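> Structure incoming, see below.
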Amino acid sequence: QVQLVESGGGLVQAGGSLRLSCIASGRTISNYAMGWFRQAPGKEREFVAVISWGGGMAVYADSVKGRFAISRDNAKNTVYLQMNSLKPEDTAVYYCAARRGNYYTGAAQYDYWGQGTQVTVSS
(Lines give C-alpha, C1' and ligand atoms only; values in the text may rest on other atoms or scores of the structure.)
Protein backbone atom coordinates (compact mmCIF):
# COMPACT_ATOMS: atom_id res chain seq x y z
CA GLN A 1 0.00 0.00 0.00
CA VAL A 2 1.07 3.53 -0.75
CA GLN A 3 -0.28 6.45 1.22
CA LEU A 4 -0.11 9.89 -0.40
CA VAL A 5 -0.48 13.24 1.31
CA GLU A 6 -0.64 16.47 -0.65
CA SER A 7 0.20 19.91 0.67
CA GLY A 8 0.92 23.40 -0.59
CA GLY A 9 -2.48 24.46 -1.80
CA GLY A 10 -4.03 27.79 -0.93
CA LEU A 11 -5.44 31.05 -2.20
CA VAL A 12 -3.40 33.01 -4.74
CA GLN A 13 -4.07 35.87 -7.12
CA ALA A 14 -4.07 35.34 -10.85
CA GLY A 15 -0.53 35.37 -12.18
CA GLY A 16 0.86 34.00 -8.95
CA SER A 17 2.60 30.74 -8.15
CA LEU A 18 2.18 27.78 -5.87
CA ARG A 19 4.20 24.64 -5.31
CA LEU A 20 2.34 21.49 -4.39
CA SER A 21 4.05 18.59 -2.68
CA CYS A 22 2.99 14.97 -2.43
CA ILE A 23 4.72 12.84 0.17
CA ALA A 24 4.41 9.09 -0.12
CA SER A 25 4.69 6.54 2.65
CA GLY A 26 4.28 2.82 2.98
CA ARG A 27 6.50 1.99 0.04
CA THR A 28 9.22 3.64 -1.93
CA ILE A 29 7.79 5.29 -5.05
CA SER A 30 10.93 4.85 -7.12
CA ASN A 31 9.11 2.24 -9.22
CA TYR A 32 5.89 4.26 -9.50
CA ALA A 33 4.73 6.71 -12.09
CA MET A 34 3.30 9.72 -10.29
CA GLY A 35 0.53 11.93 -11.56
CA TRP A 36 -1.32 15.08 -10.63
CA PHE A 37 -5.00 15.44 -11.37
CA ARG A 38 -7.52 18.10 -10.48
CA GLN A 39 -11.25 18.40 -10.03
CA ALA A 40 -13.21 21.63 -10.11
CA PRO A 41 -16.73 21.90 -8.67
CA GLY A 42 -19.27 20.28 -10.97
CA LYS A 43 -16.60 18.89 -13.26
CA GLU A 44 -14.94 15.54 -13.73
CA ARG A 45 -11.46 14.84 -12.48
CA GLU A 46 -8.94 15.76 -15.16
CA PHE A 47 -5.33 14.98 -15.88
CA VAL A 48 -2.76 17.69 -15.14
CA ALA A 49 0.70 16.13 -15.32
CA VAL A 50 2.55 12.84 -14.93
CA ILE A 51 6.16 11.91 -14.43
CA SER A 52 7.77 8.56 -15.11
CA TRP A 53 9.20 6.46 -12.31
CA GLY A 54 12.73 7.53 -13.15
CA GLY A 55 11.83 11.15 -13.71
CA GLY A 56 13.05 11.19 -17.28
CA MET A 57 9.67 11.65 -18.92
CA ALA A 58 6.88 14.09 -18.14
CA VAL A 59 3.58 14.75 -19.87
CA TYR A 60 1.31 17.74 -19.35
CA ALA A 61 -2.24 18.65 -20.16
CA ASP A 62 -2.40 21.28 -22.88
CA SER A 63 -4.10 23.66 -20.47
CA VAL A 64 -1.05 23.78 -18.17
CA LYS A 65 1.80 23.22 -20.60
CA GLY A 66 4.46 25.88 -20.22
CA ARG A 67 3.09 27.01 -16.84
CA PHE A 68 3.31 23.92 -14.63
CA ALA A 69 6.28 21.66 -13.97
CA ILE A 70 6.24 18.25 -12.34
CA SER A 71 9.31 16.85 -10.62
CA ARG A 72 10.20 14.15 -8.15
CA ASP A 73 12.78 13.36 -5.51
CA ASN A 74 12.79 9.61 -5.03
CA ALA A 75 15.20 9.89 -2.13
CA LYS A 76 12.54 11.91 -0.30
CA ASN A 77 9.63 9.86 -1.67
CA THR A 78 8.12 13.13 -2.82
CA VAL A 79 6.61 14.56 -5.98
CA TYR A 80 6.14 18.24 -6.70
CA LEU A 81 3.99 20.36 -8.95
CA GLN A 82 5.29 23.87 -9.52
CA MET A 83 2.45 26.03 -10.78
CA ASN A 84 3.25 29.41 -12.31
CA SER A 85 1.13 32.05 -14.05
CA LEU A 86 -1.94 30.71 -12.34
CA LYS A 87 -5.35 31.48 -13.80
CA PRO A 88 -8.80 31.45 -12.18
CA GLU A 89 -9.63 28.38 -14.27
CA ASP A 90 -6.88 26.49 -12.42
CA THR A 91 -9.05 26.58 -9.31
CA ALA A 92 -9.69 23.01 -8.21
CA VAL A 93 -8.82 20.34 -5.73
CA TYR A 94 -5.49 18.86 -6.79
CA TYR A 95 -4.82 15.19 -6.27
CA CYS A 96 -1.62 13.20 -6.33
CA ALA A 97 -1.80 9.65 -7.68
CA ALA A 98 0.55 6.71 -8.05
CA ARG A 99 0.74 3.62 -10.20
CA ARG A 100 3.46 1.04 -10.39
CA GLY A 101 5.28 0.92 -13.69
CA ASN A 102 4.61 2.94 -16.82
CA TYR A 103 2.96 6.34 -16.82
CA TYR A 104 -0.50 7.06 -18.16
CA THR A 105 -2.71 10.10 -18.31
CA GLY A 106 -5.97 8.36 -17.45
CA ALA A 107 -7.14 8.55 -13.87
CA ALA A 108 -8.49 5.00 -14.01
CA GLN A 109 -4.94 3.69 -14.43
CA TYR A 110 -3.87 4.85 -10.98
CA ASP A 111 -4.10 2.71 -7.90
CA TYR A 112 -3.34 5.12 -5.08
CA TRP A 113 -4.69 8.60 -4.42
CA GLY A 114 -4.16 11.34 -1.90
CA GLN A 115 -6.92 13.27 -0.20
CA GLY A 116 -6.36 16.38 -2.29
CA THR A 117 -5.36 19.97 -1.65
CA GLN A 118 -7.45 22.99 -2.59
CA VAL A 119 -6.04 25.57 -4.97
CA THR A 120 -8.03 28.75 -5.43
CA VAL A 121 -6.97 31.44 -7.89
CA SER A 122 -8.69 34.78 -7.60
CA SER A 123 -9.07 37.15 -10.52
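The values are calculated or read from the model by the stated rules, or taken from the named source; none is laboratory data. Predicted model only: the values in this text are computed from it and were never measured. Note that we place each Cβ from the backbone using ideal geometry, even for glycine, and neighbour counts take in every protein chain shown. Ligands, DNA and RNA are excluded from the accessible area calculation, which covers all protein heavy atoms including side chains. Shrake-Rupley method; radii C 1.70, N 1.55, O 1.52, S 1.80 Å.
> Would you check which residues across region 75-107 are over 12 Å from the mean Cα position of the chain (by Cα) and closer than 14 Å to Gln39 by Cβ and list them?
So in region 75-107, the residues over 12 Å from the mean Cα position of the chain (by Cα) come out as 75-77, 84-91, 99-104, 106.
Result: Glu89, Asp90, Thr91.
> Can you confirm whether Arg67 is farther than 28 Å from Ser123 by Cβ and either surrounded by fewer than 17 Cβ atoms within 10 Å (Cβ to Cβ) or out of contact with any Phe, Trp or Tyr (no Cβ under 7 Å at 6 or more places or on another chain) (or both)?
Numbers: farther than 28 Å from Ser123 by Cβ: no; either surrounded by fewer than 17 Cβ atoms within 10 Å (Cβ to Cβ) or out of contact with any Phe, Trp or Tyr (no Cβ under 7 Å at 6 or more places or on another chain) (or both): yes.
No; evaluated as a whole, the condition is false for this residue.
> While we're here: Could you please let me know if Gly8 is without any contact (Cβ under 8 Å) to a residue 60 or more places away in the chain and open to solvent by 20 Å² or more (accessible area, probe 1.4 Å)?
Values: without any contact (Cβ under 8 Å) to a residue 60 or more places away in the chain: no; open to solvent by 20 Å² or more (accessible area, probe 1.4 Å): yes.
Considered against the rule, which asks whether it is without any contact (Cβ under 8 Å) to a residue 60 or more places away in the chain and open to solvent by 20 Å² or more (accessible area, probe 1.4 Å), Gly8 comes out as no.
> Separate question: Give the residues of region 67-123 that are free of Cβ contacts under 8 Å to residues at least 40 places away in the same chain, in a strand (DSSP E or B) and in contact with a strand residue (DSSP E or B) (Cβ under 7 Å, 6 or more places away or on another chain), sorted by residue number.
Result: Phe68, Ala69, Ile70, Ser71.
> Determine whether region 38-58 contains at least one residue that is surrounded by 14 or more Cβ atoms within 10 Å (Cβ to Cβ), farther than 14 Å from Gln3 by Cα and basic (Lys, Arg).
For region 38-58, residues surrounded by 14 or more Cβ atoms within 10 Å (Cβ to Cβ), farther than 14 Å from Gln3 by Cα and basic (Lys, Arg): present.
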